[in-house]
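These notes are about the structure you will find just below.
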Ligand SMILES: Nc1ncnc2c1ncn2[C@@H]1O[C@H](COP(=O)(O)OP(=O)(O)OP(=O)(O)O)[C@@H](O)[C@H]1O
């Protein structure tokens, strides 16, 4: 058992009177763990709670990199060494690709391993668009930039909300394998995914969510792309 980098206990989250998360427990060590589930089951809500984003309102316990962070503002959680790739990417139209990366580059819990040039090695097509602005790049390039922007903070823990959405299959594989590699380097990676291929390639194990609850957790040796599991929790066939 590796050191626990993300620990969630008895987590509940509400949007006003509506409850989106129920009694969630999960833990992530220096590994890549996928969170899977259909649309609307609460995956983004979980990411927002971990990052301190409001709404929703949350109760319970969230420990990131050894600190109890529930109630902390997002900037403080980011400074602790938690990288975040939001759904929708949140890029700035008036900043170039280069500027997005330069603004976020810093030494983090894992040192200075991820530089701008290493991001461009990972995503060569993004490197060819380095002078383009945030609103001039394709959906796939936006995903790559959002991931790169999180990587250059050299996070100890990385939370990604459907990072492969909109990416071509070959790039999905590159991203998934680089997330796996990242986890091998000691980063805790929480990968929210609906792309089964990406999750299977990147993650060591998976939690499946339904209606705001964790309804299944893969056990040692259990495949997360098992046909019955995917049919039951994602409604897809392989
Ligand atoms: N800002 C909000 N205000 C009120 N309810 C919300 C808000 N955001 C999400 N919800 C509700 O919370 C529940 C969980 O939504 P969430 O976005 O976390 O699901 P998800 O699994 O990430 O879905 P998707 O894969 O479609 O992004 C849904 O019922 C959704 O309608």
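What the table shows:
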quantity: Residue satisfying condition, being modelled with pLDDT of 95 or more, within 15 Å of the ligand (Cβ to nearest atom) and in a loop (DSSP other than H, G, I, E, B), within set 53, 70; calculated: 53
quantity: Residue in region 87-97 that is part of a helix (DSSP H, G or I) and farther than 13 Å from residue 51 by Cβ present; calculated: yes
quantity: Count of region 155-198 residues which are under 22 Å from residue 230 (Cα atoms), part of a helix (DSSP H, G or I) and within 13 Å of the chain's Cα centre (by Cα); calculated: 5
quantity: Selection status of residue 58, over 19 Å from residue 189 (Cβ atoms), within 16 Å of the ligand (Cβ to nearest atom) and not in a loop (DSSP other than H, G, I, E, B); calculated: yes
quantity: Residue in region 200-212 that is within 12 Å of the chain's Cα centre (by Cα) and in contact (Cβ under 8 Å) with a residue 24 or more places away in the chain present; calculated: yes
quantity: Residues satisfying the stated conditions in region 182-220, i.e. surrounded by fewer than 15 Cβ atoms within 10 Å (Cβ to Cβ) and farther than 28 Å from residue 66 by Cα; calculated: 211
quantity: Residue 63 vs. criteria surrounded by 15 or more Cβ atoms within 10 Å (Cβ to Cβ), touching a residue at least 60 places away in the same chain (Cβ under 8 Å) and closer than 14 Å to residue 159 by Cα; calculated: no
quantity: Which listed residue is under 26 Å from residue 19 (Cα atoms) and either modelled with pLDDT of 90 or more or in contact with a helix residue (DSSP H, G or I) (Cβ under 9 Å, 6 or more places away or on another chain) (or both), from 158, 167, 145; calculated: 158
quantity: Residue in region 3-27 that is farthest from residue 160 (Cα to Cα), counting only those that are surrounded by fewer than 16 Cβ atoms within 10 Å (Cβ to Cβ) and within 16 Å of the ligand (Cβ to nearest atom); calculated: 17
quantity: Leading residue by the ranking (farthest from the ligand (Cβ to nearest atom)) among those in region 28-48 that are part of a loop (DSSP other than H, G, I, E, B) and touching a helix residue (DSSP H, G or I) at 6+ places or on another chain (Cβ under 8 Å); calculated: 30
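The values are calculated or read from the model by the stated rules, or taken from the named source; none is laboratory data. What you are looking at is a predicted structure, and each value in this text was computed from that prediction instead of being measured. Reconstructed Cβ throughout: ideal geometry from the backbone, glycine too, with neighbour counts over all protein chains shown.
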